[in-house]
Amino acid sequence: MTTGEMLTRLPNVQPDLDELQRVIGRELPGKMFARRVDGEQAPFLPYTPPHWECVCTACGKQFAANRKDKLKDMTVCPECGAKVEPHRWTNRQGGKQTGAFLFYHLFRGAGREIWVRSWRVSQWLNFDGLEIAYEPVSIYYFDDGTAEKWKRGWWGWERLKTIQLDRWKPNTYSCACYPAFVGAISKKTIEGSCLEYSQLDRAMLQGFPVIEYIGFYLKNPSVEYLWKSHCIPLLEDYFLGHKGDVRRAVNLKAKTFKGLFRGADKQEMKIIPQLRAQEIVWFHRLYQAGVIRADQDGVDWARARRSFYHDIPGGDEKRLYRYIHRQAERCERSCANTLQDYSDYLDQIHRLGGGELWPHDLDEAHRRLSAREREMQDRGLNGMFRARRRLWQWAVWRHSGMLIRPVDSVNEITLEGERQNNCVAGYARRHAEGQTVIFVLRRADAPTQSWYTVELDPKTLTVRQCRGYQNESASVRVMFFADAWMQRLKNIRDQRRKSA
Ligand SMILES: [Zn+2]
């Protein structure tokens, strides 16, 4: 339809101002504006005593209130009973905007046509009171199998390809949008129209966007069957934006209910309504392959299987199903959790470069590989620990019955942390990478027993921390030792620099 044709066929209607006021009262936060009137009367007018002159945005009414009332206490409108926020009514040039939104309304056209018009609606507070203004935004034309849209630009109406709800931003830089509301849709409008079987009322209750829904329905009338068979999660998926998944799960071009889910049998059709689009695809594939039955276990498995991204060893779906069920029973966990564990386990095998693909006891095998991986990580750090040890050999010092040396290995730092009940183990990586150096200070007569843990700043050669059991601080004797040791380290370094 050309824009000219559209304008001649468009039902000549404007929004109903009473309906707009009702929408404002129902959907937007109410405000009350009040100003003092001091009773100084104009000549020839009867004297009015001093009072508040009020307007309520929720009902749009104007009324007087007792002069003695305080503005901040006027929180309920005496005319409509709405909760309102009190404000002072000041006179502003051009008025003050008190509310704004996009408003959509459905109208019946000729034959089976449905027209939808949308307006930007705003409520203004002027010197004389409240006023509602509106300007057209878009026009939609719907008929069987057809959806068209025009949008208002400064040059006039323009035809658009995408049929969707408009957004109205307060300004071009803003991410916020004014809300959109749809006016009352009467049975009379829908009856005998192209939307007669659209289940539009249910779609609205479900919170689907009205324009997109109508466009979707007119292109795919089979949607009616989806409602009738309660496939609500599938419809939700569509309007959540998973359109591709929905098209894979259901044949929207179907002419009959049976045609929606190609190849599905009676048992399957009973299960499908509770599933989301991706789940339907998986359920159908697994059920048809004879892996699962059409029951709750089958549903659970289809849901879990969907997020298992590995290739199944040997490609045997049935074996995976049986294996995970057996393992789940063994360790009394859900199949979904067990499948997740198996996925982690296969990752480990991949990282370690091989291993048992179907271990007899998955839980045990998973724990074993985790320990081995940790060990390998430690081994990597241990190599770095050895390098640190060689680098700091010069700092080893035996003096006045004490011995200080760099920590030996990951194992030792872990053990030191456990024995001393401190958090030194957390320093393993920083020590390995040379950002800090961890030393152990021992009594010369008990060199294998933990005593103090010392952290040295490798740049300044100062002791950052010197902690005993349970982070207890150093005794005077140990502090003297540490001071002497730092002095010694600095001397050695200075000599090295001179000779270098
Ligand atoms: Zn009111």
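Observations, loosely collected:
- Count of residues meeting criterion [part of a loop (DSSP other than H, G, I, E, B) and either more than 9 Å from the ligand (Cβ to nearest atom) or at pLDDT below 90 (or both)] in the stretch 54-86: 6
- Number of the exception - GLY207 against (1) in a helix (DSSP H, G or I); (2) small (Gly, Ala, Ser); (3) out of contact with any helix residue (DSSP H, G or I) (no Cβ under 8 Å at 6 or more places or on another chain): (1)
- Meets criteria (out of contact with any Leu (no Cβ under 8 Å at 6 or more places or on another chain), modelled with pLDDT of 85 or more, more than 27 Å from THR90 (Cβ to Cβ) and of a type outside the set (S, T, N, Q)) for GLU19: yes
- Hits in the stretch 447-475 - residues which are in contact (Cβ under 8 Å) with a residue 12 or more places away in the chain and more than 16 Å from VAL407 (Cα to Cα): LEU461, THR462, TYR469, GLN470, ASN471, ALA474
The rows are residues; the columns are (1) under 21 Å from ARG390 (Cα atoms); (2) part of a strand (DSSP E or B); (3) not assigned by TED's automatic domain parsing to the domain that holds ARG398.
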{"residue": "ARG442", "(1), (2), (3)": "yes, yes, no"}
{"residue": "SER450", "(1), (2), (3)": "no, no, no"}
{"residue": "GLU455", "(1), (2), (3)": "yes, yes, no"}
{"residue": "THR460", "(1), (2), (3)": "yes, no, no"}
{"residue": "ASP483", "(1), (2), (3)": "no, no, no"}
{"residue": "LEU489", "(1), (2), (3)": "yes, no, no"}
{"residue": "ASP494", "(1), (2), (3)": "yes, no, no"}
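- Among the conditions (1) polar (S, T, N, Q); (2) outside any loop (DSSP other than H, G, I, E, B); (3) under 30 Å from GLN348 (Cβ atoms), the only one that GLN435 does not satisfy is (2).
- Selection count where residues are surrounded by fewer than 19 Cβ atoms within 10 Å (Cβ to Cβ) and assigned to a helix (DSSP H, G or I), scope the stretch 396-411: 1
- Taking first residues from the stretch 22-40 that are under 13 Å from VAL84 (Cα atoms) and modelled with pLDDT of 90 or more and partners that are polar (S, T, N, Q) and away from the ligand (no atom under 16 Å from the Cβ), the Cβ contacts under 9 Å between residues at least 6 apart in sequence or on separate chains come to PHE33/THR90.
- The set of residues in the stretch 299-349 being hydrophobic (A, V, I, L, M, F, W, C) and assigned to a helix (DSSP H, G or I) consists of VAL299, TRP301, ALA302, ALA304, LEU320, ILE324, ALA328, CYS335, ALA336, LEU339, LEU346, ILE349.
- Residue match in the stretch 414-423 (condition: under 38 Å from the mean Cα position of the chain (by Cα) and not in a strand (DSSP E or B)): yes
- Which numbered condition GLN97 misses (of (1) in a strand (DSSP E or B); (2) within 16 Å of the ligand (Cβ to nearest atom); (3) under 38 Å from the mean Cα position of the chain (by Cα); (4) not hydrophobic (A, V, I, L, M, F, W, C)): (2)
- Test for TYR134: is it in contact with a helix residue (DSSP H, G or I) (Cβ under 9 Å, 6 or more places away or on another chain), of a type in the set (Ser, Thr, Tyr) and within 20 Å of SER198 (Cβ to Cβ): no
- Exactly one residue out of LEU235, LEU275, LEU286 is touching a residue at least 24 places away in the same chain (Cβ under 8 Å), within 30 Å of GLU113 (Cβ to Cβ) and out of contact with any Cys (no Cβ under 7 Å at 6 or more places or on another chain), and it is LEU235.
- All positions within the stretch 463-477 that are surrounded by 13 or more Cβ atoms within 10 Å (Cβ to Cβ) and modelled with pLDDT under 90: GLN465, CYS466, ARG467, GLY468, TYR469, ASN471, ALA474
- Residue check, ARG26 surrounded by 13 or more Cβ atoms within 10 Å (Cβ to Cβ), part of a helix (DSSP H, G or I) and within 16 Å of the ligand (Cβ to nearest atom): no
The values are calculated or read from the model by the stated rules, or taken from the named source; none is laboratory data. What you see is a predicted model, and the numbers here were worked out from it, not measured in a lab. Backbone-built Cβ (ideal geometry, glycine too); neighbour counts: all protein chains shown.
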